[in-house]
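The values are calculated or read from the model by the stated rules, or taken from the named source; none is laboratory data. A quick note: this is a predicted structure, and the numbers were derived from the prediction, not measured. All Cβ positions, glycine included, derive from the backbone under ideal geometry; neighbour counts span all protein chains shown. For accessibility, only protein heavy atoms count, side chains too; no ligands or nucleic acids. Shrake-Rupley method; radii C 1.70, N 1.55, O 1.52, S 1.80 Å.
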Amino acid sequence: MDARLRLYNTLSRKKELFEPLNPPFAGLYVCGPTVYGDPHLGHARPAITFDLVFRYLLHLGYKVRYVRNITDVGHLEADLDEGEDKIAKKARIDQVEPMEIAQYYADRYFTFMGALNVKRPSIEPRASGHIIEQIRMIQQILDKGFAYIENGSVYFDVKKYSEFYDYGKLSGRILEDLMTNTRTLEGQEEKHNQADFALWKRAQPEHIMRWPSPWSDGFPGWHLECSVMGVKYLGETFDIHGGGMDLLFPHHESEIAQCQAALGHESVKYWLHNNMITINGQKMGKSLGNFITLEEFFTGSHKELSQAYSPMTIRFFILQAHYRSTLDFSNEALQAAEKGLKKLMTGYETLTRLIEANPGCEQPGRPADPENGSIASKLNESCYAAMNDDFNSPIVIANLFEAVRFINAVNDNNDTGSLQELPTLKNVFDVFLFEILGITKETEDGQQLIVNGLMDLILSIRQKSRINKDWGTSDQIRDALQKLRIAVKDGKEGSTWSPGN
RNA sequence: GGUUUCGUGGCCGAGUGGCUAGGCAGCGGUCUGCAAAACCGCGUACAGCGGUUCGACUCCGCUCGAAACCUCCA
């Protein structure tokens with residue numbers, strides 16, 4: 001087994017050994033949300049993917065600085081209002097200040113990502129707070145001769161750039177194709193070439209989000225912020241840059257070009273890209289209008305949803321697929337995830353109970369089968385191997401299911417010979433399920449304590465009727481609870497209950 | 001048209017040149033007052049056609065099909 005982390009670098013299209021530039025430090029930059037709409041399932045994929053990366057790097061002992069930007073400026077609307085900032089457009093509709101919109105949706109984003117147990121990054125910088133730095137980088141690119149000024153706007157000169165460097169190396173694009181194949185958009189006649197992209201745009205009079213610059217009152221181009229903030233907080237070269245596959249071109253390609261042009265070298269060592277979530281085989285996205293917001297998932301209020309799905313179900317659903325695969329949404333798949341997760345959590349509870357009931361087993365490291373090593377430590381190794389192989393969370397989950405089968409077998413057979421495996425097994429769950437995969441028990445609040453008390457009471461009454469073989473009463477209670485979506489299970493040592501089906 | 005990626009059993013999804021993925025659903029059984037859970041067992045797979053190979057689902061080529069990107073998008 002290779003105990004070292006390997007990750008798939010989009011730049012080389014190969015799995016590479018992770019060797020950070022300045023160990024024990026590791027830098028991670030991920031393209032964050034544009035805050036002009038409610039967070040949907042598509043936002044959850046990269047957030048959870050790179051949360052997994054973040055958590056695993058931390059677990060391996062790296063001192064990680066994780067930067068994820070908030071885009072609150074600079075994305076152009078290409079359809080009806082060309083040249084107008086998306087946030088500004090929404091603001092005009094709602095008759096409020098653009099920053100108020102950005103603030104509102106940023107807050108929503110944080111709230112829902114929090115529900116998904118996504119760790120907050122070390123730094124969450126906003127594009128609007130880095131206008132000065134962006135202006136400086138534009139000036140650097142101009143000074144090096146890789147940009148030109150046209151009517152108050154500044155454009156990146158892709159043709160000039162590709163005389164020295166390879167524009168297209170990340171996405172596999174060929175420059176000649178880009179020059180000829182790019183669709184002609186209105187208001188783009190200032191460009192010398194179709195493939196050129198804006199570094200600074202002069203604002204039209206009705207454009208409300210604007211800042212002064214040496215060239216005009218305007219706003220920065222839409223690829224610039226990530227280059228600027230990545231370099232500012234992680235250094236001129238840093239380890240990992242992540243994002244969705246849809247950002248590969250032109251966004252990340254242009255980021256590489258901007259850094260190369262301004263700094264004389266590239267800034268990113270490993271490029272990581274998560275795949276898309278599809279709905280009926282099609283990408284789920286804002287512009288397609290087929291997205292389901294996270295709020296709708298949590299409440300079940302969308303016509304495509306047959307029920308509500310808890311945040312942990314969503315998280316588990318996403319982690320059950322490898323991050324570089326597309327993941328197709330369906331109610332059936334979500335329900336399977338819900339049940340699978342429940343099985344895992346029940347298994348963990350059984351494990352905890354077994355350890356409490358058998359204080360003698362609290363000496364880890366004594367394998368039941370010394371010939372072949374313990375099952376628990378094998379699973380542990382297998383989980384590390386999976387994570388080291390480009391963050392293969394589905395394999396980790398498969399291992400955890402195997403652990404559950406083992407736990408249940410011990411529980412059923414009272415196999416005392418295997419009890420000493422349990423502490424190690426608990427450690428595997430604590431590390432992989434909770435710490436690295438970031439699954440949590442769904443929260444219990446004050447109401448829950450009352451419910452617990454009531455349920456204890458009800459089940460003790462039912463137990464009495466069962467002892468008296470009063471099946472009518474006992475079934476009446478169970479059926480009534482069933483209608484409230486509370487499942488009762490009768491075991492040898494009394495009954496237990498759980499919410500859900 | 002170009003670039004990138006993919007096509008695995010009822011559904012979702014891993015993986016490998018020869019040895020069980022896993023989950024959900026289904027069927028049979030054990031257990032149980034019944035049920036649920038759990039456990040045991042079972043079934044239908046690697047789009048098609050060629051090639052390389054002792055042997056390919058796994059490598060190569062072609063065909064068919066799908067998606068993303070080429071335009072803001074996670």
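For this structure, a couple of remarks:
- Qualifying residue in segment A:467-485 (condition: at pLDDT below 85 and in contact with a Gly (Cβ under 8 Å, 6 or more places away or on another chain)): yes
- Per-region count, segment A:462-477, residues part of a helix (DSSP H, G or I), open to solvent by 100 Å² or more (accessible area, probe 1.4 Å) and within 9 Å of RNA strand B (Cβ to nearest atom): 1
- In segment A:322-334, residue surrounded by the fewest Cβ atoms within 10 Å (Cβ to Cβ) [restricted to those that are farther than 17 Å from residue A:243 by Cα and near RNA strand B (Cβ under 6 Å from one of its atoms)]: A:332
- Test: residue in segment A:145-153 that is within 12 Å of RNA strand B (Cβ to nearest atom) and either modelled with pLDDT of 90 or more or closer than 30 Å to residue A:44 by Cβ (or both): no
For every residue, the table says whether it meets (1) open to solvent by 20 Å² or more (accessible area, probe 1.4 Å); (2) of a type in the set (A, V, I, L, M, F, W, C).
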{"site": "A:135", "(1), (2)": "yes, yes"}
{"site": "A:139", "(1), (2)": "yes, no"}
{"site": "A:145", "(1), (2)": "yes, no"}
{"site": "A:150", "(1), (2)": "yes, no"}
{"site": "A:155", "(1), (2)": "no, no"}
{"site": "A:158", "(1), (2)": "no, yes"}
{"site": "A:164", "(1), (2)": "yes, yes"}
{"site": "A:168", "(1), (2)": "no, no"}
{"site": "A:175", "(1), (2)": "yes, yes"}
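- Residues located in segment A:15-34, provided they are more than 8 Å from RNA strand B (Cβ to nearest atom) and under 16 Å from the mean Cα position of the chain (by Cα): A:28, A:29, A:30
- One residue stands out among those in segment A:339-364 that are farther than 11 Å from residue A:426 by Cβ and not in a helix (DSSP H, G or I): the one that is modelled with the lowest pLDDT, which is A:363.
- Considering the conditions (1) surrounded by fewer than 20 Cβ atoms within 10 Å (Cβ to Cβ); (2) under 20 Å from the mean Cα position of the chain (by Cα); (3) within 30 Å of residue A:138 (Cα to Cα), residue A:271 is excluded by exactly one of them, (1).
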